[in-house]
Amino acid sequence: MQKQQQQHAPGAPERDILRLHRAGELVERKSDLIAVDAHASVWTALAMMETNRVQCLPVKGAAGHWVTSASMQQQPNQPEADLIAIISLADIGRWLANFTAPPWRSAAELVAFLHRTQVIEVVGQTPESRTLWTIPAASSIIAALEPLATGSHRVLVAWDPATAVLETTPVSPTLPVSSPTSTRSSSSGPTSLRLCSQTDAVRLIHALRPTFPAINAALQQSLVSLGLLTDPRIAAIAPREPAVTAVRSLADAAGAYQAMAVVDPATGALAAQWSWTDVRDPDALVRALTDPAVVVQQLTSAGGGRDDDQMVVVPAAEGSHAVSLDDVLERLVFAHAHRAWIVDSVSGAVVGIITLTDVLRVVLQVAAEDNE
């Protein structure tokens, strides 16, 4: 994507200035989309996620089909192959955890079950997996940031290298193609699709923040003053808890949270984090679900988190205004992390959690207020 010099009018509202940036900036250094076939095995999908260090994969269906109620339906007059859904670790984990009578009695039987079950049979376990936000690269970056700031963890950006040029004039956001029950997006012609995650968006905001005084000022405010530590409810689990219980706890959350604090029962201090990436490896997932002797601390990585989902811990004195959102943003970007645990600087107990959604929500809220 060719970048033209952005000319910011003096005193222009920051939301208008933000519109000058294009969605394509979020993905210009990323590779084209890696998708899994709808009829591939669930084991294959897990292996692809582990190999590519991702937590989800778009699902490519047969030509002229779309997904509804976890089945393939014919869509008339749509000859091209379509991306029909997303399958995530949360989908697979929830699907497996919700069996009241699991159709496996051993690790070998579960492995065979994962090999013979097709991806299309599993998609749709969480609402986000049934929704694909598809945004042209030339659209305003606002079109990508809005769904990412309201809980969606990724959007797709339609990338055409022949026409993806950053203009200097604002554009209206293109409404993403999305519905809560079914979705389709075409990738015919020279256009390809690239996945934009919340991490991509936060990294760009981090790089651009010096050019946005109001946004930068908001980021310098403390977590307390921004109201980001007002909800003390933190999902927690003990290090010696059976892994199968931990998997079911994440599954029961149904997307309300993507990670749990692993808390030392003796001290109440944060010891590690438990997330879906800890069971992304198919062998680890099988162990967790079939061996009652496997406990949480055996599967959480040493040092707290996988290298693509590091655990960020930010100590803070009780009621302190010393920790700013920018402090947290710096650590999240540096560690390629999805969340930061805020802990009491004395006891080590968790007092809050800041996610990428929180950062993006603050950015868009400030941009909107500056536009009024």
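The values are calculated or read from the model by the stated rules, or taken from the named source; none is laboratory data. Source: prediction; values computed, not measured. Methodologically, a virtual Cβ is constructed for each residue, glycine included, from the backbone with ideal geometry; neighbour enumeration extends over all protein chains shown. Heavy atoms of the whole protein, side chains included, go into the accessibility calculation; ligands, DNA and RNA do not. Shrake-Rupley method; radii C 1.70, N 1.55, O 1.52, S 1.80 Å.
Numbers at a glance
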read-out: Of all residues making up region 312-352, the number that are touching a residue at least 60 places away in the same chain (Cβ under 8 Å) and not in a loop (DSSP other than H, G, I, E, B); value: 16
read-out: Test: residue in region 305-323 that is at pLDDT below 90, closer than 19 Å to V244 by Cα and not charged (D, E, K, R); value: yes
read-out: Region 123-144 residues that are farther than 15 Å from I17 by Cα and part of a loop (DSSP other than H, G, I, E, B), paired with ones that are among the charged types (D, E, K, R) and open to solvent by 10 Å² or more (accessible area, probe 1.4 Å) (beta carbon under 6 Å, 6 or more apart); value: G124/R130; Q125/R94
read-out: Enumerated strands (runs of 3 or more DSSP E) restricted to region 1-96, each holding at least 1 residues that are open to solvent by less than 50 Å² (accessible area, probe 1.4 Å), aliphatic (A, V, I, L, M) and modelled with pLDDT of 75 or more; value: 56-60, 82-88
read-out: Cβ-Cβ under 6 Å pairs, at least 6 apart or on other chains, region 31-44 side farther than 18 Å from D283 by Cα, far side hydroxyl-bearing (S, T, Y); value: D32/S192
read-out: Selection from region 271-303 of residues that are aliphatic (A, V, I, L, M), under 23 Å from W341 (Cβ atoms) and surrounded by fewer than 16 Cβ atoms within 10 Å (Cβ to Cβ); value: A302
